[in-house]
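Inspection log for the structure reproduced underneath, given as structure tokens.
The values are calculated or read from the model by the stated rules, or taken from the named source; none is laboratory data. Bear in mind that the values here come from a model prediction, so they are computed numbers and not experimental data. Backbone-built Cβ (ideal geometry, glycine too); neighbour counts: all protein chains shown. These accessible areas exclude ligands, DNA and RNA; they are computed on the full protein's heavy atoms, side chains included. Shrake-Rupley method; radii C 1.70, N 1.55, O 1.52, S 1.80 Å.
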Amino acid sequence: MLEILIHGAVSSAIYAMLAVGFTLIFGVARVLNLAHGSFYALGAYSTYVLTTQLKVPLLAAALLAVALVAAFGVAIERVFVRPMRRRSQLAVLMITLAVALVVEQALFLTFGSEYRNVPAFIDEKFTLGHVDVGGQRLLALGVGIVSIATLWLFIQHTRLGSAILAISQDPVAASYMGIPSDRIFSIVMAISAGLAAAAGVLAGPFLTVQPTMWLLPIVKAFAIVVVGGLGSIPGSILAALMLGYAETIVGYLISTSWTEIVSVAATLLMLVVRPAGIFGRRAAF
């Protein structure tokens, strides 16, 4: 039971970092960003390149990787998403999917299909109540909690956070009040991409790092925001906890090969029972 609690918490923290960024950009810009998983992959690969090839110290490499991916997210928003956002949501979906596929192919051409090893911040294992847990997993749990708590405080208690809330609730009224919506969209995309990249940096040392690694995170993130409610950060956090522990329990009681079906089953069940999700769209932020 203790092992399930610990490993479920680690999975939930990673999923929450992915899902909160995904739901944040939807809540503000009303964009389903299918390139979100690519930010996760680029975070892991950027850390690998900076540490193994450019010999940058690990902490500096991780921070630089997050910053570079955040800048890449802003570039994607300005060049591809912004011109199409007011025209067609379907066009935005197709563009972000195309970006994800281009990133995947670029990683294939650059690194091949072989798995890459991202250095861990902590190699030691720790014993918690007779359960051996890798230090990197505990670090991922701690950083995930701190990151989400910091984001929540930022949105609720800063002037820029108030602007983000205003745009998410009524973009037209917010623009009449002088809030620059396009600048807010870029900031939110940077935050979203940075959170996904941080998840890739933290999870890379104990998960598979290869070019197709973007697909599973976007499936998880989409399942979480559907279950929690599109645009609801509290819903995403709660759904991430539910999915993380559900997959851990299934992995321990049945088989790890069955864990991937949990997110799909949860999505289908929620769409049938409550399409708006647990918190619903009105509970955003």
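Tabulated values for the structure
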quantity: Odd one out for GLN53 among (1) under 30 Å from ALA166 (Cβ atoms); (2) surrounded by fewer than 20 Cβ atoms within 10 Å (Cβ to Cβ); (3) polar (S, T, N, Q); calculated: (1)
quantity: Meets criteria (assigned to a helix (DSSP H, G or I), β-branched (Val, Ile, Thr), touching a helix residue (DSSP H, G or I) at 6+ places or on another chain (Cβ under 6 Å) and more than 30 Å from ALA246 (Cβ to Cβ)) for THR51; calculated: yes
quantity: Residue among PHE80, PHE72, PHE26, PHE22 that is assigned to a helix (DSSP H, G or I) and at pLDDT 95 or above; calculated: PHE72
quantity: Residue count for the range 259-285, restricted to those that are modelled with pLDDT of 80 or more, open to solvent by 90 Å² or more (accessible area, probe 1.4 Å) and of a type outside the set (Val, Ile, Thr); calculated: 3
quantity: Selection from the range 57-76 of residues that are surrounded by 13 or more Cβ atoms within 10 Å (Cβ to Cβ), in contact with a Ser or Thr (Cβ under 9 Å, 6 or more places away or on another chain) and more than 13 Å from PHE39 (Cα to Cα); calculated: LEU58, ALA61, ALA62, LEU64
quantity: Pairs, first closer than 16 Å to LEU207 by Cβ and touching a residue at least 24 places away in the same chain (Cβ under 8 Å) in the range 244-259, second part of a helix (DSSP H, G or I) and β-branched (Val, Ile, Thr), C-beta under 8 Å, six or more apart; calculated: GLY244/VAL10; GLY244/ILE14; GLU247/VAL262; THR248/ILE4
quantity: Extreme residue, surrounded by the fewest Cβ atoms within 10 Å (Cβ to Cβ), among residues of the range 165-186 that are part of a helix (DSSP H, G or I), in contact with a helix residue (DSSP H, G or I) (Cβ under 6 Å, 6 or more places away or on another chain) and aliphatic (A, V, I, L, M); calculated: ALA166
quantity: Qualifying residue in the range 223-245 (condition: surrounded by 23 or more Cβ atoms within 10 Å (Cβ to Cβ), out of contact with any Gly (no Cβ under 9 Å at 6 or more places or on another chain) and not aromatic (Phe, Trp, Tyr)); calculated: yes
quantity: Matching residues, the range 37-50, being among the β-branched types (Val, Ile, Thr) and either exposed (fewer than 15 other Cβ atoms within 10 Å of the Cβ) or within 20 Å of the chain's Cα centre (by Cα) (or both); calculated: THR47
quantity: Residue that is hydrophobic (A, V, I, L, M, F, W, C) and more than 18 Å from the chain's Cα centre (by Cα), where the choices are LEU54, LEU24, LEU32, LEU63; calculated: LEU54
quantity: Unique residue being among the hydrophobic types (A, V, I, L, M, F, W, C), open to solvent by less than 30 Å² (accessible area, probe 1.4 Å), within 21 Å of ALA29 (Cβ to Cβ) and under 16 Å from the mean Cα position of the chain (by Cα) when the list is MET213, MET189; calculated: MET189
quantity: Which numbered condition TYR115 misses (of (1) open to solvent by 50 Å² or more (accessible area, probe 1.4 Å); (2) free of Cβ contacts under 8 Å to residues at least 40 places away in the same chain); calculated: (2)
quantity: The range 98-112: number of residues that are open to solvent by 60 Å² or more (accessible area, probe 1.4 Å) and under 18 Å from the mean Cα position of the chain (by Cα); calculated: 1
quantity: Close pairs from the range 50-63: first in contact (Cβ under 8 Å) with a residue 60 or more places away in the chain and hydroxyl-bearing (Ser, Thr, Tyr), partner in a loop (DSSP other than H, G, I, E, B) and open to solvent by 40 Å² or more (accessible area, probe 1.4 Å), Cβ under 7 Å, at least 6 apart; calculated: THR51/PRO119
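Residue by residue, here is whether (1) part of a helix (DSSP H, G or I); (2) farther than 24 Å from LEU238 by Cβ holds:
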{"site": "LEU90", "(1), (2)": "yes, yes"}
{"site": "LEU101", "(1), (2)": "yes, yes"}
{"site": "PHE108", "(1), (2)": "yes, yes"}
{"site": "ARG116", "(1), (2)": "no, yes"}
{"site": "PRO119", "(1), (2)": "no, yes"}
{"site": "GLY142", "(1), (2)": "yes, no"}
{"site": "ALA149", "(1), (2)": "yes, no"}
{"site": "TRP152", "(1), (2)": "yes, no"}
